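**Q** Quick one: structure below, then a few questions.
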Amino acid sequence: MTSSLLALTLFVLAGTGSRVPAAASRYETPVDAAYRIGPEDVVQVSVWNNEAMSRTAPIRPDGRISLPLLNDVDAAGLTPMELRERLMQRLAEYMPHPEVSVVVTEVRSFKVSVIGQVPKPDRYQLRSAATVMDVLAMAGGFTEFASRSRVVVIRASGDKTERIPFDYEKVRSGDPSQANFQLRPGDIVLVP
């Protein structure tokens, strides 16, 4: 009897999981998305058996790193594995079968801004993925006159700017029509 009741309870609970509708999940960044290197990040490039080529380098504002023999190499927008492949291809012109590893040692390019009716409006440097609720908490929540149901995330997408509505009250109450989506570097959270 007890095991049947437990099985029934688990079955019912499994069916009540939070579902995010397609419209809300459109702004989600997949959790398993590979990290893209950005300006101001720091990478450690190691070339096996060649200390002169190995170094720690910051990504310049133009998105490049400078390495001996290779000069400037585009790095921003690539995953560490994509940068590794690019470096191995370029180094193959100078040495046989180069082995390269690329490690992001410091994430400095993930910055978001929170402005408007919050106690601590600022540009926040993040070390890992963060949701709208996470950065609102960093900004100290809302001021007395904030319109919690009319928060907007402003996101640059190529040459366009998206305005993504975010209803804090719906997220707080567990309404599945509003996702607490992850922010992307450069997003601006505007609290009217």
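FYI, it's all coordinate maths here, none of it is from the lab. Predicted model, so just to flag it, every value in this text is computed and none were measured. Cβ sites come from the backbone with ideal geometry, for glycine too, and all protein chains shown count toward neighbours.
**Q** How many Å³ per residue does the convex hull of the Cα positions in the range 42-106 occupy?
**A** In the range 42-106, the Cα hull volume divided by residue count equals 73 Å³.
**Q** Can you sort Glu51, Glu162 by how many other beta carbons sit within 10 Å, fewest first?
**A** Glu51, Glu162
**Q** Using θ = phi - 60° and the Karplus relation 6.51 cos²θ - 1.76 cosθ + 1.60, list the HN-Hα couplings for the range 175-192 in order, rounded to whole Hz, with x at every Gly or Pro.
**A** 5, x, 6, 10, 8, 8, 6, 7, 8, 10, x, x, 5, 10, 9, 9, 10, x
**Q** Here is a follow-up. Can you figure out the FRET efficiency of Ile154 with Arg127, using R₀ = 25 Å and their beta-carbon distance, to the nearest 0.05?
**A** 0.65
**Q** Which of the trypsin sites (Lys or Arg not before Pro) found in the range 88-138 are in a DSSP loop and have at most 14 neighbouring Cβ atoms, other than their own, within 10 Å?
**A** Arg127
**Q** Let me ask something else about it. Can you give the log10 of the normalised intensity I(q)/I(0) at q = 0.13, 0.15 Å⁻¹, computed with Debye over equal Cα scatterers of the range 51-180?
**A** -0.72, -0.82
**Q** Let me ask something else. Can you give the percent of C-alpha pairs in the range 110-191 whose distance is more than 16 Å?
**A** Beyond 16 Å sits 47 percent of the P(r) for the range 110-191.
**Q** I need the calculated FRET efficiency for the pair Ser101 and Arg163, taking r as the beta carbon distance and R₀ as 45 Å, to the nearest 0.05.
**A** 0.65
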